[in-house]
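Take this structure first; my questions come after.
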Amino acid sequence: MLAVKYLSKQFEGLVAVKELNFDIQEGEILAIIGPNGAGKSTVFNLLTGTLKPTAGKVFIHDEDITGLKPYQIVKKGVARTFQTTSLFDQLRVIDNMLIGCKWRTRLGFWNTLFHTPGWKSQHDQAVQSALETLDFLGLADKALAFIPTLSQEEQKRLAIGVALVSKPKLLLLDEPTGGLIREETERIAQFIKSVREQGTTVCIIEHKMQMIMGMADRILVLNYGQKIAEGSPDDIKSNQAVIEAYLGGEAHA
Amino acid sequence: MITKPIHTKLLYGFILLAALLLPLYAPDPYMFQVIIMSLIFAIAVLAMNLIIGFTGQASLAHAAFFGFGAYGVAIMTKAGISFWLALPAAASISALLGLVIGPPALRTRGSYFAIVTLAFGVIVWIVAGNWVQVTGGHNGIFGIPRPTPIPIPFLGEIEFFEQTAQYYLVLAFLLLTLFIMHRLVYSVFGLTFMAIRNNEPLADAVGINTFTTKLIAFVTANFFAGLAGGLYVAIIGAVSPSVASHMLTFNFLIFLILGGMATLTGPVVGAFAIPILMEWLQELGHFRMLFFGVLLIVTIIYFPRGLVGGIRQLNQKIADWRQTKS
Amino acid sequence: MELFLQQVFNGIMFGSTYAIVALGLTLVMGILHIPNFAHGHLYMLGGYITYFFITSLGLGYWPSLLLSIIVLGILGVIMEAIVYRPLHDQPHINAFIAAVGALLVLEAMAEVIWGPQGLRIPNPYPHTFQFLGIIMSVQRLLVIIGAVVLIVLLHLFLKKTLTGTTIEAVAQNREGAMLNGINVNRVSALTFFISSGTAAVAASFISPIFVISPAMGAIIGMKAFIIVILGGMGSIPGAIIGGYFLGLIESLGGGYVSAAYKDVIAFGALIVIFSFKPTGLFGKKEG
């Protein structure tokens with residue numbers, strides 16, 4: 001469903017991503033792994049329009065989306081989360097969800113100002129889908145809570161929920177379990193699997209090997225902005241280049 | 001999405017009743033004038049609140065747009081156009097000019113946006129003081145007619161020479177502004193303003209066209225700033241470049257910050273209470289601004305949500321305390 | 001030709017003032033990322049303090065100038081500590097609002113003490129003479145030469161002394177400087193001292209020629225802001241070149257186009273440039 005062709009990004013001479021080719025299949029969980037600084041988050045930023053690539057193209061269902069703005073790419077059905085938990089932390093849980101599904105509604109300026117026919121049903125629909133997603137997240141009873149009162153795991157969950165509420169076809173998750181302890185990580189992993197079962201394709205950046213091996217259908221390994229391996233978890237485990245990259249990475253760190 | 005508790009509704013009802021009955025107390029004409037002005041300022045500050053308080057973009061051109069409305073109504077009504085046509089026209093011109101300056105200005109962020117809008121405000125102020133043929137230069141325009149009387153079948157007409165009629169006119173526009181602001185802000189659409197203030201990259205990432213949303217907030221704010229300016233000249237009967245000066249913007253800012261940003265009550269409380277406080281402090285002379293300057297600094301450091309936000313916080317603390325006790 | 005030369009001369013003189021004021025502001029903005037919007041008001045107060053020492057205490061021009069630098073420097077340090085430091089972690093807009101509060105305080109202070117009307121510092125060097133058909137006075141030359149001397153001194157301080165290089169290090173990379181064990185709060189205070197002190201010098205040089213009034217701080221403050229933003233935040237050459245450039249443009253525009261709209265030039269240029277480059281001419285990302 002998503003195809004990346006010869007994607008490159010340079011920052012003032014520094015190559016962050018180099019001639020990257022890969023695609024994401026409908027319904028799979030694709031994991032992108034690699035040592036720190038391998039360019040994983042940069043890839044996400046390039047896919048979602050936060051950064052403009054120096055060269056190369058990104059396609060969704062054969063439609064060229066390179067150079068579109070982030071809010072336009074969302075409308076193509078690609079939603080994302082950020083590496084550091086990013087929420088509207090001055091607002092309530094339900095408000096976060098409503099903002100997440102706003103673009104699918106026709107709740108714009110004039111409709112809101114004049115309460116045009118259809119405004120009410122649109123509004124109720126938005127609240128409905130926000131509540132449904134909260135239910136799916138297991139946060140239904142927290143709808144009116146303010147963000148700082150949530151636990152870290154709940155915040156991570158909600159951040160995924162804000163991306164999920166507009167029913168994207170493809171969900172990009174940037175280290176969704178960073179900073180969480182083992183049980184929490186397992187719960188989030190379980191949750192991500194259920195997201196996929198609902199029919200959403202998932203692409204995930206992760207550091208926690210064990211979790212990734214148990215979850216991903218395919219794994220893509222990046223090092224210094226280049227693809228060094230791609231394949232099933234078992235292939236990756238025994239891949240010599242991957243092992244070297246990781247050991248090398250450890251040694252430097 | 002949750003309804004307000006019953007005692008809050010009662011409080012607002014009581015305030016509305018008091019506002020409607022206020023002329024019966026027959027305040028002295030001077031104080032009455034101050035109150036009428038406060039209500040006009042409340043409209044302007046509510047508008048400023050939309051762009052600064054809710055959307056988080058420090059537009060410091062606010063008095064310039066107030067000035068567009070003021071000069072617009074002054075010039076049009078002097079040319080014989082009915083006030084009832086001139087007022088919406090002037091407010092629309094103000095909004096339209098916002099639509100012109102908005103796109104370049106909104107490409108900048110943070111304090112850059114503040115300085116660009118301030119620069120625009122200063123240009124408007126200088127032009128108002130020097131374009132003598134149109135604005136009357138530094139002397140301004142005098143003898144602006146009062147709002148055109150409204151004919152009522154069989155009963156005669158409502159005229160606006162009396163303070164009481166002027167008061168109700170201004171109050172009606174304030175209530176209209178409050179109604180519209182309430183509708184816009186407390187809605188899914190209104191949440192997008194706050195989303196931009198709170199976390200613009202995330203707003204962008206969840207499909208909000210942040211540029212257009214900011215532009216809508218800016219233009220709407222400028223429409224109501226122009227409306228307030230138009231009402232102002234029709235009541236005062238004269239206009240001078242000071243209505244477009246950055247000092248007036250700073251005054252609005254004081255009302256907004258002290259009253260409380262990002263609430264609908266805050267701007268009204270600020271615009272109502274501060275001018276009256278300023279009148280009381282009249283004999284302090286220039287010490288007044290010293291006082292308000294210090295107050296502004298202290299508020300933004302220690303109570304960034306102003307008076308209304310502070311009270312809400314206190315209420316919340318009391319509620320929490322009760323909950324833990326029971 | 002004589003009109004042209006006269007306008008150029010006046011432009012360089014105004015430019016000297018702008019350059020010094022912008023220089024002080026760019027140091028503060030580069031280091032603290034704080035929009036010290038009250039900088040023009042510090043300049044204004046600098047003029048008044050010098051006036052005070054000369055006319056109320058009867059001191060000479062140069063001792064008054066020196067005392068004015070010290071008083072303003074201390075005032076700047078106090079302002080940094082009580083107004084800006086508590087807001088360091090807050091959204092940018094809050095610091096901007098606090099700056100508006102600070103400028104209201106400074107302007108009201110000047111009005112309370114000296115009244116709203118304009119005052120003039122007695123001119124220490126009123127002697128005028130003609131050169132190439134241009135009318136000059138010794139004081140006007142002092143503005144120009146004094147600015148050059150000040151800029152050179154400041155340059156030597158920033159480049160050749162340890163304290164100076166610390167300031168530049170913080171201006172260029174605050175986090176890096178902190179990691180290297182530099183006491184950023186001390187550097188902030190020192191920078192505010194220099195910034196306010198130089199503003200006092202600029203005001204004291206030019207105030208014997210033009211009247212000072214409490215309201216003059218706002219316009220020059222905004223112009224300094226514009227110069228700094230266009231020249232690049234924290235860039236010293238940007239502030240100097242921008243200052244002289246604006247002085248010349250204004251003087252020529254005022255002489256040949258319209259004196260009344262002279263002030264519009266700077267503000268208009270800002271809006272036009274920002275329409276094309278939202279991060280400024282030498283756009284470093286805003287902090």
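Please treat every number below as a calculation from the coordinates, not as lab data. Nothing here was measured: the structure is a model prediction, and the numbers come from that model. So basically every Cβ, Gly included, is an ideal-geometry build from the backbone, and we count neighbours across all protein chains shown.
Assuming 0.890 mPa s and 25 °C, estimate D for segment A:85-167 with Stokes-Einstein, Rh taken as the Kirkwood radius over Cα pairs, in µm²/s.
Numbers: Rh = 13.0 Å.
So the translational diffusion coefficient is about 189 µm²/s.
Let's test the formula: R0 of 25 Å, r as the Cβ-Cβ distance of C:I209 and C:H155. What FRET efficiency results, to the nearest 0.05? Write down the numbers at each step before the final one.
Numbers: r = 26 Å, r/R0 = 1.03.
Taking R0 as 25 Å, the efficiency between C:I209 and C:H155 is 0.45.
Next question, about the same structure. Mind checking which helices in chain C clear 24 Å along their axis (Cα) and have mean Kyte-Doolittle hydropathy of -0.5 or more, DSSP H runs only? All intermediate terms of the calculation are to be shown ahead of the outcome.
Numbers: long enough: C:2-32 (44 Å, 1.47); C:61-79 (26 Å, 2.16); C:92-114 (33 Å, 1.65); C:138-160 (31 Å, 2.01); C:184-206 (33 Å, 1.30); C:236-256 (30 Å, 1.08).
Qualifying helices, which must be both long enough and hydrophobic enough, are C:2-32, C:61-79, C:92-114, C:138-160, C:184-206, C:236-256.
Mind putting a number on the dipole of segment A:1-101 about its Cα centre? Charges go on the C-beta only, +1 for Lys and Arg and -1 for Asp and Glu, and I need it in Debye to the nearest 20.
On the way: 11 positive and 10 negative charges, 50 e Å.
Dipole magnitude for segment A:1-101 comes out near 240 debye.
A further question follows. When the Cα centres of segment B:301-326 and segment A:5-67 are compared, how far apart do they sit, in Å?
Between the Cα centre of segment B:301-326 and that of segment A:5-67, the gap is 47 Å.
Hey, another quick one. What are the semi-axes of the equivalent ellipsoid of chain B, taken as the square roots of 5 times the eigenvalues of the Cα gyration tensor, listed largest first and rounded to whole Å? Please list the in-between numbers first.
Details: eigenvalues 190, 133, 82 Å².
Result for chain B: semi-axes of 31, 26, 20 Å.
I need the shape label for segment B:258-326. Rule: rounded when a/c is under 1.5, else prolate if a/b > b/c, else oblate, with a, b, c from the alpha carbon gyration tensor.
Values: a/c = 2.79, a/b = 2.38, b/c = 1.17.
Prolate.
Sticking with this structure for a sec: Calculated from DSSP H runs of 4 or more alone, at -39500 (n - 2.57) each and per residue, what is the 222 nm mean residue ellipticity of chain C, nearest 500? Write out the running numbers ahead of the final one.
Numbers: 11 runs with 199 residues, N = 287.
Only helices count here, giving -23500 deg cm²/dmol.
Can you give me the span-like helices of chain B, meaning DSSP H runs with 30 Å or more of Cα extent along the axis and Kyte-Doolittle mean at or above 1.6? Show your work: numbers first, answer last.
Values: long enough: B:83-105 (32 Å, 1.64); B:110-130 (31 Å, 1.75); B:163-185 (32 Å, 1.39); B:210-236 (39 Å, 1.51).
Correct list, ordered by number: B:83-105, B:110-130.
For a 23 Å ceiling on Cα separation, which of these pairs sit above it: A:K76/A:K102; A:K9/A:K69; A:K40/A:K193; A:K193/A:K237; A:K76/A:K208?
Exceeds cut-off: A:K76/A:K208.
For B:K325, go through the lysines and keep the ones whose alpha-carbon is under 19 Å away, minus same-chain ones fewer than eight residues off.
List returned: B:K317.
Right, here's the next one. Can you give the percent of C-alpha pairs in chain C whose distance is more than 26 Å?
Values: 17070 of 41041 pairs.
Percent of Cα pairs beyond 26 Å in chain C: 42.
So what's the angle, to the nearest 10 degrees on a 0 to 90 scale, between helix A:152-164 and the longest Cα principal axis of chain A?
80 degrees
Only Lys, Arg, Asp and Glu count, each charged at its Cβ (+1, +1, -1, -1), so figure out the dipole size of the protein assembly as shown about its Cα centre, rounded to 20 debye. Can you show the working numbers first?
Working: 55 positive and 48 negative charges, 46 e Å.
Dipole magnitude for the protein assembly as shown comes out near 220 debye.
A follow-up question, please. So how many Lys-Lys pairs in chain C land under 21 Å Cα to Cα, not counting same-chain pairs under 8 apart?
Values: C:K223/C:K262; C:K223/C:K277; C:K223/C:K284; C:K223/C:K285; C:K277/C:K285.
Lysine pairs satisfying the spacing and distance rule in chain C number 5.
The protein assembly as shown: D in µm²/s via Stokes-Einstein (Kirkwood Rh, Cα pairs, 25 °C, 0.890 mPa s)? Each step should come with its number before you reach the end.
Details: Rh = 30.1 Å.
The diffusion coefficient I find is 82 µm²/s.
Something else: Please determine, in degrees from 0 to 90 and to the nearest 10, the orientation of helix A:240-252 with respect to the longest principal axis defined by the Cα atoms of chain A, where the helix direction is its Cα long axis.
Value to nearest ten degrees: 80.
Could you work out how far apart the two model spin labels at B:D28 and C:T55 are, taking each label as a point 7 Å from the Cα in the direction of the beta carbon, and quote it in nm?
For B:D28 paired with C:T55, the spin-label model returns 3.7 nm.
Let me ask something else. Only bridges whose two residues both fall in the protein assembly as shown count here: according to DSSP, what percent of them are antiparallel, nearest 5?
Details: 29 of 45 bridges.
The antiparallel fraction comes to roughly 65 percent.
So, one more: Treating only the Cβ of Lys, Arg, Asp and Glu as charged (+1, +1, -1, -1), what charge dipole size does chain B show about its Cα centre? Round to the nearest 20 debye. Provide the component values of the computation, followed by the final result.
Working: 15 positive and 9 negative charges, 186 e Å.
Computed charge dipole of chain B: roughly 900 debye.
Right, something else. Put +1 on the Cβ of every Lys and Arg and -1 on every Asp and Glu Cβ in segment B:170-326; which of B:G226, B:L256, B:P304 then has its Cα farthest towards the positive end of the dipole?
The one lying farthest along the dipole's positive direction is B:P304.
Once the dipole of chain A is set up with Lys and Arg at +1 and Asp and Glu at -1 on Cβ about the Cα centre, which of A:V195, A:W119, A:S41 lies farthest towards its positive end?
Of the options given, the answer is A:W119.
By counting other Cβ atoms within 10 Å of each Cβ, how are A:M215, B:M247 ranked from fewest to most? Show your work: numbers first, answer last.
Values: A:M215 20, B:M247 15.
Result, fewest neighbours first: B:M247, A:M215.
In segment C:2-276, with Lys and Arg counted as +1 and Asp and Glu as -1 at Cβ, which of these residues, C:G242, C:V264, C:V201, has the Cα nearest the positive end of the dipole, that is, farthest along it?
C:V201
Please compute the modelled spin-label separation between A:K120 and A:Q83, points set 7 Å along Cα→Cβ, answer in nm with one decimal.
A separation of 4.9 nm, rounded to one decimal place.
Cβ under 14 Å from A:I73's Cβ, A:I73 left aside: what net charge do those residues give with Lys, Arg +1 and Asp, Glu -1? The partial results should precede the final answer.
Numbers: positive: A:K52, A:K57, A:K69, A:K75, A:K76, A:R80, A:K169; negative: A:E63, A:D64, B:D204.
Charge balance in the 14 Å sphere: +4.
Using just the helices of chain A, give the 222 nm mean residue ellipticity in deg cm²/dmol: DSSP H runs with n ≥ 4 each add -39,500 (n - 2.57), and the total is spread over all residues, rounded to 500.
-12000 deg cm²/dmol
Let me ask something else about it. Output the 0 to 90 degree angle, nearest 10, between the alpha-carbon long axis of helix A:182-197 and the longest principal axis computed from the alpha carbons of chain A.
Taking Cα atoms only, the helix is inclined about 70 degrees.
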